[in-house]
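The values are calculated or read from the model by the stated rules, or taken from the named source; none is laboratory data. All values reported here derive from a predicted model rather than from experimental measurement. Here the Cβ positions follow ideal geometry from the backbone for every residue, glycine too, while neighbour counts run over all protein chains shown.
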Amino acid sequence: MALTADRHRVVVVGGGFGGLSVTRALAGADAEVTLVDRANHHLFQPLLYQVATGILPPGLIAPTLRHVLRAQPNAQVLLAEAGDVDLDRRLVRIMKPDGRLADLRYDSLVLATGATHSYFRRAEFASFAPGMKTIEDARYLRDEILSSFEMAELATDPRERAEWLTFVVVGAGPTGVELAGQVAELAHTVLPRSFRDADTSEARIVLLEGAASVLPTFGPRLQRYAQRQLEKMGVEIRLNTLAVDMDHESVTVQGESGGETIRARTRIWAAGVRASPLAALLAGKLGVQADRAGRLPVGPDCTLAGHPEVFAIGDMVSLNGLPGVAQPAIQEGGYVATVITARLTGQAAPGPFRYRDRGSMATIGHRRAVVEAGSAKFTGTVAYLLWGLVHLVYLIGWSNRIGTLYSWACALYPSRNRNHRLISFHAAEGEVAGQRTLSRAIRPHSASAPTGRSDGR
């Protein structure tokens, strides 16, 4: 259905949790809504690590935006990237997939362009330790992780084999803990019977954290539980330790006991995020100061200073110290839709945005998880079941929920197999099997490209 030009025009930039939330909440509004995203899908980021470790196929956590919004007559989806905003003329400059530029006029604008990896002023680390924010990132990491086991099988030098079987995860927040736990289960439980020369149970998984505990944002009891469980799974935890240098074959760390170089062919970055470049661009236009993570300050109603028609939500904004996870973005999206609807109908605007903290959770491994909801804290099997239930509820589409539940069942019972272990990289010409390193030319990895969506962590 073609959109008309005489209705209130709402442009939403970013199809993540925040952008999709506001778009769907405007389904009954007297407005034409245009959702712009550089990807054609909505990404359920909390389960990205399961794509990276072979538990889930990408499609189950990435439904296409057109399919999600197919029954919403007042919504249109455009596959394009937003590069600039003319606040005075109320125009969004977009770049189409063929490279052509175009302008979108808006009456109300909602920016939800999310965040990307932060390497803390060490951008060169992006070449050696990929992060995980997109489906492409997760598939690339899956290639890296699984290929390391294949290369260990081919290696004839014990020292080289040990390097292939060493995995370093930088950052012990929820993403880092979940990745370290799943790599440990993959190496120690799933793969040993599949290899003959390489003993994958000897794999070394090192988790680095600059703070004094894993899961720094959780309560002390849950932190201690998570650390004990990771250690039982064979994860080597280094607290108060920073990665200070790295190359394709090693990581140099600095901790309380001094420096050390860890020989590891696979390094994964889970240490930090930075708001999309659009946040810094707008901060410059408005003459305001972005915070240390590059996030744009907004008013209590999520609007930009001096521009009540422009809203910014999710990981790209700084508002009341809210964390960069899915719930603030979802709730902000619903709130912004309420504000826009109130304006269109002449009703009184709602008060300032108020966040309802519904808790935090993270998995560690099979039947190992932590859940924190206010004063209630859960660990073990109960937390694991709660985690699974919540994530199934928030997945979009019954087919994706059923498919995810089936994949989880296959990964857990009876053989703990993982069916989605496809390796899609191609070795560079002239490399010798058993001596080559993985080709980092599989795809360019940019540490500064915006994701165009709100983070799910």
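Filter the stretch 364-403 down to the residues that are in contact with a Pro (Cβ under 7 Å, 6 or more places away or on another chain) and either buried (at least 18 other Cβ atoms within 10 Å of the Cβ) or under 27 Å from V169 (Cβ atoms) (or both) and list them by number. Steps first, answer last, please.
First, pick out the residues of the stretch 364-403 that are in contact with a Pro (Cβ under 7 Å, 6 or more places away or on another chain): 391, 396-397, 400.
Listed by number, the residues that qualify are H391, N400.
Screening the stretch 316-326 for residues that are free of Cβ contacts under 8 Å to residues at least 40 places away in the same chain and surrounded by 13 or more Cβ atoms within 10 Å (Cβ to Cβ) and picking the one that is farthest from R295 (Cα to Cα) gives L322. With respect to (1) surrounded by fewer than 15 Cβ atoms within 10 Å (Cβ to Cβ); (2) in contact with a helix residue (DSSP H, G or I) (Cβ under 9 Å, 6 or more places away or on another chain), the lone exception for P300 is condition (2).
Would you mind finding the one in A80, A115 that is within 25 Å of the chain's Cα centre (by Cα), more than 30 Å from V390 (Cα to Cα) and among the aliphatic types (A, V, I, L, M)?
A80
Within the stretch 107-118, which residues are crowded, with 20+ Cβ neighbours inside 10 Å and at negative phi?
S108, L109, V110, L111, A112, T113, A115, T116, H117, S118
Assess whether V317 counts as being under 30 Å from T341 (Cα atoms), of a type in the set (A, V, I, L, M) and more than 25 Å from the chain's Cα centre (by Cα). If you could, list the steps in order and put the result at the bottom.
On the way: under 30 Å from T341 (Cα atoms): yes; of a type in the set (A, V, I, L, M): yes; more than 25 Å from the chain's Cα centre (by Cα): no.
So V317 does not fit the description; no.
The set of residues in the stretch 275-292 that are surrounded by fewer than 17 Cβ atoms within 10 Å (Cβ to Cβ), touching a helix residue (DSSP H, G or I) at 6+ places or on another chain (Cβ under 9 Å) and not polar (S, T, N, Q) contains only V288. Scanning the stretch 19-40 for residues being of a type in the set (A, V, I, L, M, F, W, C), surrounded by fewer than 21 Cβ atoms within 10 Å (Cβ to Cβ) and under 17 Å from the mean Cα position of the chain (by Cα) gives a total of 1. Give the number of residues within the stretch 107-130 that are more than 18 Å from Y335 (Cα to Cα) and touching a residue at least 60 places away in the same chain (Cβ under 8 Å). Number of matching residues: 13.
If you go through the stretch 204-234 and keep only what is free of Cβ contacts under 8 Å to residues at least 40 places away in the same chain, of a type outside the set (D, E, K, R) and either part of a helix (DSSP H, G or I) or not assigned by TED's automatic domain parsing to the domain that holds L146 (or both), you end up with P220, Q223, Q227.
Looking only at residues in the stretch 165-203 that are under 18 Å from the mean Cα position of the chain (by Cα) and part of a loop (DSSP other than H, G, I, E, B), which one is surrounded by the most Cβ atoms within 10 Å (Cβ to Cβ)?
A172
Every residue, every condition in (1) over 30 Å from T266 (Cβ atoms); (2) of a type in the set (G, A, S); (3) assigned by TED's automatic domain parsing to the domain that holds D143, yes or no:
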residue	(1), (2), (3)
G54	no, yes, no
A71	yes, yes, no
V92	yes, no, no
K96	yes, no, no
L101	yes, no, no
R105	yes, no, no
S108	yes, yes, no
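The single condition among (1) under 17 Å from I61 (Cα atoms); (2) modelled with pLDDT under 95; (3) polar (S, T, N, Q) that S375 does not satisfy is (1). I'd like to check which strands (runs of 3 or more DSSP E) are fully inside the stretch 237-319 and have at least 1 residues that are more than 22 Å from R105 (Cβ to Cβ) and among the β-branched types (V, I, T). Those strands (runs of 3 or more DSSP E) span 242-247, 250-255, 258-263, 266-269, 273-275.
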